[in-house]
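Single-structure report; data block below.
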Amino acid sequence: MYLVHARLAMPADADIPPDVREAVRRALRPEDRVEHLAVHPRAPWLTLGFFVLADALGEAEAHAERVCRRLLSAVPHLGAARLVGVGVPLISEAFAPSSLRD
């Protein structure tokens, strides 16, 4: 499982609805293979964190991008949003578990 962030730009005059997480969650399908969804609204940005089941990092990122592009048209709250990036968030070495630093 991989955590993949999709960063969305919202129009400057758009309010991010408080129920956006629930709207996105309802639009997810079993075939999306999203085990958990995190939503980080910080106008004018909205970050969707998809915990995606995948065998490899590249596969997880590509899959999350496809899911996000579908959600942009399926979720009315995201209608004015523009996808600006998809990727696994980088973790600073200071915060990485020691097993990853050795």
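Residues in the chain average 63 Å² of solvent-accessible surface per residue, probe 1.4 Å, ligands and nucleic acids excluded.
Label separation (residue 45 vs residue 12): 1.8 nm, computed from points 7 Å beyond Cα along the C-beta direction. Principal-axis analysis of the Cα atoms of the chain puts helix 57-74 at an angle of about 10° to the longest axis. Look at the alpha carbon pairs under 8 Å that are at least 6 residues apart: their mean separation over the length of the chain gives a relative contact order of 40 percent.
The residue list 18, 34, 57 was ranked by how far each Cα lies along the charge dipole of the chain toward its positive end, using unit charges on Cβ atoms, and 18 comes out on top. In the chain, one over the average inverse separation of all distinct C-alpha pairs is 14.2 Å, which is the Kirkwood hydrodynamic radius.
Each of residue 69 and residue 29 was given a label point 7 Å from its Cα along the Cα-to-Cβ line. The distance between the two points is 1.5 nm. Which part of the stretch 44-78 falls in the paramagnetic zone of residue 1, meaning amide N under 12 Å from the point 7 Å along Cα-to-beta-carbon? Within reach of a label on residue 1, which here means backbone N under 12 Å from a point 7 Å along Cα→Cβ, the stretch 44-78 contributes 50-54. Only the Cβ atoms of Lys and Arg (+1) and of Asp and Glu (-1) were treated as charged; on that basis the dipole of the chain about its Cα centre amounts to roughly 260 debye.
The values are calculated or read from the model by the stated rules, or taken from the named source; none is laboratory data. Note that the coordinates shown come from a computational prediction; the quantities given were computed from them, not determined experimentally. A quick note on method: Cβ atoms are made from the backbone with ideal geometry, for glycine too, and the neighbour counts reach across all protein chains shown. Just the protein is used for accessible areas: all its heavy atoms, side chains included, with ligands, DNA and RNA removed. Shrake-Rupley method; radii C 1.70, N 1.55, O 1.52, S 1.80 Å.
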